[in-house]
Amino acid sequence: MVVKETTKYLIGRLWRDWLQSQFVRISGAVFFMVIVAATSALYPKVIELAVDMLADSDKRVITLLPAAIIIITFIRGIASYSQSVLNQSMSLRVIAELQKSMFSKLMYADMKMMQDTKTGNLISRFTNDVNLMRDALSRTLTVLGRELLTAIALIGMMFHLDWILAIIVVITLPLAGRPILRLGRRLRRASTNVQTSLGSLTSTLAQSFNGIRLIKAYGMEKQQNQQSEWLFDEVYRLIMKTVKGRARSQPILEILGGFCVALVLAYGGLRVISGSGTLGEFVGFLSAAIMLLQPIRSIGNFNASLQEGLAAVKRTFDLLDTKPEIIDHHQAKILNQAIGNVELIDVSFSYENNRPVLDKVSISIKEGQTIALVGPSGAGKSTILNLIPRFYDTDSGSVKIDGHDVKNIATASLRSQISIVSQDITLFNLSIADNIRFGDFSADLDKIQHVAKIAAAHDFIINLPDGYDTVVGERGTTLSGGERQRIAIARAMLRNAPILLFDEATSSLDAESEFLVHNAIKRLSEGRTTIVIAHRLSTVMAADKIYVMNEGKIVEHGKHKELIAKNGLYSRLAQIQFQYEKNS
Ligand code: ATP
């Protein structure tokens, strides 16, 4: 979903949903900002008094005024510190809450959305966007609180010191407003482009680092360098655009500030010379005008950070507003203990609108049976495994577990009845025990060791430096393919679900690993309804029934011998596989 882009809408929603809960921190910060502003405005008064006292050789200039300055700076220092801490803690808290919500949204998002979005773009929301928002939030409060109040207090003091001069200043300042606001709108667009390109950059970096083995093997270092150099330059170009946009407000503000001070000098000087004003008033006023430049500069620059922040806020709201399509029906059935009957009835499915991937597929599996899916690459075998845990919804037809359409079963309970062992096994950068524990978070070490033994993983695990506490590197790269598979099997064993979806690895293992993995799988599938995407003849032959797929359709089904006798696609595939296994 794409949210509205107006500043009013974005700020209104930000306030309602995220800032209102921070009211105490915001009020505290504003309270201390008022003190900072008030104490700042006292400086010109002290200077006026000092000059006038000096002119009258008043001794208090060396006793009373230094004491006053010390008290003012002391109060101002404490107030500055407090407002800064409160302000930062407010914006960091809001950002942390936004990050939590975004992360949770993504964890529950549809598989489709996650697969369609580049990982780098998603990560960029949590890093780059969030930085811009933090900057905009804390600046907004600083500017609206401290700087604006300081400017108002200083202008108030100017009126007190010389009202005619004050009117001149007040008339001149708003002249800067219009061009600065116009710059802001352009900046929001430029900032959106920067964020998009930073997303692509994060994606490219992640891809290059993840794929370093492939890059080296194919000698693609140079090509990768060129690609990323282009992206770095692009990011540079786009950021420069925003930097220039921001910087454009500087000369406007400097010139205007200089103009103000010059007017004050000329007119105030004239009044002192003609005797209608005191030197103290003049110096006091001049210092107020010079002190005013800083808050005015911040107020002028503020629009730039606000617009950049709002671009990030919009992207964040876009993400928070995405609605998953796969949601539980309000009367969804909780499936606590499935029997394990699985049926696909006339299922058609496509990932994208126009390209059918499954075409009226019907499969029926009774509890405890093992069926094998075979067929050429791209036939739609993995897609079938994706539909059973409802990672995607069918376009037509239905997927049923124990006679209940999966669309009518609470998704979490449905998935709790299914174990998945996929080809590329995901291991997290955790201990081996914790990686197995994904199957059941309440399992103790005894239980973990028990399943690891059944999965023929125990022996290699205890030989690792820290046994079950060994942390496997990112993506489990410190383990061999066969070892990873056995961990995944132990994990599935621990989950103890009645339905097992298994995508057999295509890469061949050495004879011993093959034997161990094969036995582990046999034990895992005992008593469970198992659907296996089979690549080995031995697995296929052991299945209760074989479904042969081609171009999204079931073209043959039956037992091994029956299918061989048919002399169709299966018989050809089996022949190839037989040759392959004989040769390897
Ligand atoms: P393999 O044996 O090579 O894994 P498969 O029979 O399991 O192949 P599927 O992975 O189910 O085939 O893919 C079927 C078709 O759907 C292919 O044409 C594939 O390109 C396409 N496809 C798979 N996943 C997606 C996706 N996430 N988005 C779009 N198309 C996809």
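Tabulated data for the structure shown
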{"quantity": "Qualifying residue in region 332-351 (condition: out of contact with any Gly (no Cβ under 6 Å at 6 or more places or on another chain) and free of Cβ contacts under 8 Å to residues at least 12 places away in the same chain)", "calculated": "no"}
{"quantity": "Qualifying residue in region 392-401 (condition: assigned by TED's automatic domain parsing to the domain that holds residue 560, within 16 Å of the ligand (Cβ to nearest atom) and more than 24 Å from residue 115 (Cα to Cα))", "calculated": "no"}
{"quantity": "In region 346-390, residue surrounded by the most Cβ atoms within 10 Å (Cβ to Cβ) [restricted to those that are within 11 Å of the ligand (Cβ to nearest atom) and among the basic types (Lys, Arg)]", "calculated": "381"}
{"quantity": "Flag for residue 97 being acidic (Asp, Glu) and open to solvent by less than 40 Å² (accessible area, probe 1.4 Å)", "calculated": "no"}
{"quantity": "Wholly enclosed helices (runs of 4 or more DSSP H) of region 443-532 bearing at least 2 residues modelled with pLDDT under 85", "calculated": "481-495, 511-525"}
{"quantity": "Options 46, 94, 85, 61; residue that is part of a helix (DSSP H, G or I) and touching a residue at least 60 places away in the same chain (Cβ under 8 Å)", "calculated": "94"}
{"quantity": "In region 226-255, the residues that are hydroxyl-bearing (Ser, Thr, Tyr) and free of Cβ contacts under 8 Å to residues at least 40 places away in the same chain", "calculated": "228, 236"}
{"quantity": "Qualifying helices (runs of 4 or more DSSP H) (wholly inside region 97-181; at least 2 residues being within 34 Å of the chain's Cα centre (by Cα) and away from the ligand (no atom under 16 Å from the Cβ))", "calculated": "119-124, 130-141"}
{"quantity": "Residues (surrounded by fewer than 16 Cβ atoms within 10 Å (Cβ to Cβ) and either within 22 Å of residue 358 (Cβ to Cβ) or of a type outside the set (A, V, I, L, M, F, W, C) (or both)) located in region 519-552", "calculated": "519, 522, 523, 526, 527, 538, 544, 551"}
{"quantity": "Residue 259 vs. criteria open to solvent by 60 Å² or more (accessible area, probe 1.4 Å), within 26 Å of residue 302 (Cα to Cα) and in the same structural domain as residue 123 (by TED's automatic domain parsing)", "calculated": "yes"}
{"quantity": "Selected residue [within 45 Å of the chain's Cα centre (by Cα), crowded, with 16+ Cβ neighbours inside 10 Å, of a type in the set (Ser, Thr, Tyr) and more than 30 Å from residue 393 (Cα to Cα)] from 287, 305", "calculated": "305"}
{"quantity": "Residues (without any contact (Cβ under 8 Å) to a residue 60 or more places away in the chain and buried (at least 16 other Cβ atoms within 10 Å of the Cβ)) located in region 451-468", "calculated": "451, 452, 458, 460, 461, 464, 468"}
{"quantity": "Qualifying residue in region 294-301 (condition: open to solvent by 20 Å² or more (accessible area, probe 1.4 Å) and either farther than 30 Å from residue 130 by Cα or charged (D, E, K, R) (or both))", "calculated": "yes"}
{"quantity": "So residue 435, is it outside the structural domain of residue 532 (by TED's automatic domain parsing), in contact (Cβ under 8 Å) with a residue 40 or more places away in the chain and not in a helix (DSSP H, G or I)", "calculated": "no"}
{"quantity": "Test: residue in region 317-339 that is hydrophobic (A, V, I, L, M, F, W, C), within 22 Å of residue 548 (Cβ to Cβ) and either away from the ligand (no atom under 16 Å from the Cβ) or open to solvent by less than 30 Å² (accessible area, probe 1.4 Å) (or both)", "calculated": "no"}
{"quantity": "Qualifying residue in region 1-21 (condition: assigned to a helix (DSSP H, G or I), farther than 30 Å from residue 109 by Cβ and aliphatic (A, V, I, L, M))", "calculated": "no"}
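The values are calculated or read from the model by the stated rules, or taken from the named source; none is laboratory data. Nothing here was measured: the structure is a model prediction, and the numbers come from that model. We place every Cβ from the backbone using ideal geometry, glycine too, and count neighbours over all the protein chains shown. Only protein heavy atoms, including side chains, enter the accessible area calculation; ligands, DNA and RNA are left aside. Shrake-Rupley method; radii C 1.70, N 1.55, O 1.52, S 1.80 Å.
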